Amino acid sequence: MRGAIRTLRGVRGRDLWQETPRAWASGGAGLWLNPRLSQPLCETLLRADYPALADHIWLAASGTSGSVKVVALARAALESSAAAVNNHLGAGPADCWLNPLPLFHVGGLGILVRAAMAGSRCEILQDWNAQDFVRRVAECGATLSALVPAQVHDLVVAGHPAPPSLRAVVVGGGALDDSLHERAAELGWPLLP
């Protein structure tokens with residue numbers, strides 16, 4: 001296996017680097033870096049060689065350890081996941097996804113893939129703020145979204161009721177505490193942990 005990977009090396013990170021994963025979602029390839037990474041670390045990642053894997057996207061992820069690792073995600077895996085979520089939600093062209101997650105994380109990228117595959121509209125919330133999220137859901141008539149538990153916490157602590165257009169919110173990136181889930185449900189949030 002090691003020899004096989006070695007023979008595929010030779011693609012520089014700078015050649016894969018893109019500002020937005022929207023291009024990859026429509027057929028490109030790419031490397032996406034968290035803009036909050038230090039400049040020296042970004043430069044190191046952009047100079048590195050990556051295996052030439054067709055139909056993959058490279059993400060710099062820190063996971064739970066906090067140390068940055070670059071991982072390859074296959075287009076087929078992202079599309080399979082998106083198809084399963086869309087099927088479960090009954091997502092289609094009449095839906096609008098509001099994406100409050102960073103596009104350089106699998107959660108944010110997953111929303112783009114789901115929307116593209118369902119023919120749904122997708123709106124992006126650039127920076128997380130609970131009040132802005134609720135306002136944008138109402139403004140664009142979002143029917144679907146995805147959050148992490150910390151974002152659910154922000155909505156509950158602020159006492160924001162769910163806008164009526166929202167029919168489902170996928171919650172991932174960590175376990176959703178049962179009491180937080182109950183408090184969110186009391187505010188009308190249609191959460192799917």
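Being aliphatic (A, V, I, L, M), in contact (Cβ under 8 Å) with a residue 40 or more places away in the chain, in contact with a strand residue (DSSP E or B) (Cβ under 9 Å, 6 or more places away or on another chain) and over 23 Å from LEU33 (Cβ atoms) is the requirement here; does ALA91 meet it? Spell out the reasoning first.
Values: aliphatic (A, V, I, L, M): yes; in contact (Cβ under 8 Å) with a residue 40 or more places away in the chain: yes; in contact with a strand residue (DSSP E or B) (Cβ under 9 Å, 6 or more places away or on another chain): yes; over 23 Å from LEU33 (Cβ atoms): yes.
Here the answer is yes, as ALA91 does meet what is asked.
Considering segment 1-109, the qualifying strands (runs of 3 or more DSSP E), each wholly inside and each with 1 or more residues that are at pLDDT 85 or above and aromatic (Phe, Trp, Tyr), run over 96-99. A Cβ distance below 8 Å, combined with a sequence gap of six or more or placement on separate chains, defines the contacts here; from segment 52-68, residues that are more than 14 Å from LEU37 (Cβ to Cβ) reach residues that are modelled with pLDDT under 75 and basic (Lys, Arg) in the pairs ALA52/ARG9.
The values are calculated or read from the model by the stated rules, or taken from the named source; none is laboratory data. This is a predicted model, so every value here is computed, not measured. Glycine also receives a Cβ, built like all others from the backbone with ideal geometry; neighbour counts cover every protein chain displayed.
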